[in-house]
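First comes the structure, then the notes that go with it.
FYI, it's all coordinate maths here, none of it is from the lab. Source: prediction; values computed, not measured. Every residue, glycine as well, gets a Cβ built from its backbone with ideal geometry; the counts of neighbours run over all protein chains shown.
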Amino acid sequence: MTKRLLKKDVVVIEGRRWFEKTNGNTYHSVYLYVNNDLIDSINFTYGYGDMYQQNGRALLNKHYNLKLENFRDDKKFNIRYDVIDVPRKKDL
């Protein structure tokens, strides 16, 4: 049975980005919280800019079967995005 996400639930998609200067690549990790409970995470993956948001929505879709495809769909729920740029890979 798939979990249900209610409109009153608070969803936080937290990203951490790291820029690898040697090869010029950006990597990130993503943490998905619902009502302050960690639901899932991606520890280390390639992607720059707001890619953490797309991966966070993919985690949300996986656990709640929401079919969120773009930011307009986010307005149906209370979703907050936070990101920090970290200086070291181990800070991801």
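Measure nothing fancy, just the Cα-based angle from helix 51-64's long axis to the longest principal axis of the chain, in degrees from 0 to 90, nearest 10.
Between helix and principal axis, roughly 30 degrees.
With respect to the cross-link table entries Lys7/Lys76; Lys8/Lys62; Lys62/Lys89, which display a Cα-Cα separation exceeding 18 Å?
Over 18 Å apart, Cα to Cα: Lys8/Lys62; Lys62/Lys89.
I'd like to know which of Asn55, Asn36, Phe77 lies farthest towards the positive end of the charge dipole of the chain, counting +1 on Cβ of Lys and Arg and -1 on Cβ of Asp and Glu.
Phe77
Using only the C-alpha atoms of the chain, find the volume of their convex hull and express it per residue in Å³.
Per-residue hull volume (Cα only) is 92 Å³.
Go ahead and estimate [θ] at 222 nm for the chain from helices alone: -39,500 (n - 2.57) per DSSP H run with n ≥ 4, summed, over the residue count, rounded to 500.
-5500 deg cm²/dmol
Quick one: Karplus J couplings for segment 14-30, per residue in order, coefficients 6.51, -1.76, 1.60, θ = phi - 60°, nearest Hz, x for Gly and Pro?
10, x, 10, 10, 9, 9, 8, 5, 4, 9, x, 9, 10, 10, 8, 10, 9
With +1 on each Lys and Arg Cβ and -1 on each Asp and Glu Cβ, and nothing else charged, work out how big the dipole of segment 10-91 is about its Cα centre, in Debye to the nearest 20.
So the magnitude is around 80 debye.
Considering only DSSP beta bridges where both residues belong to the chain, give the percentage that are antiparallel (nearest 5).
Given both bridge residues lie in the chain, the antiparallel proportion sits at roughly 70 percent.
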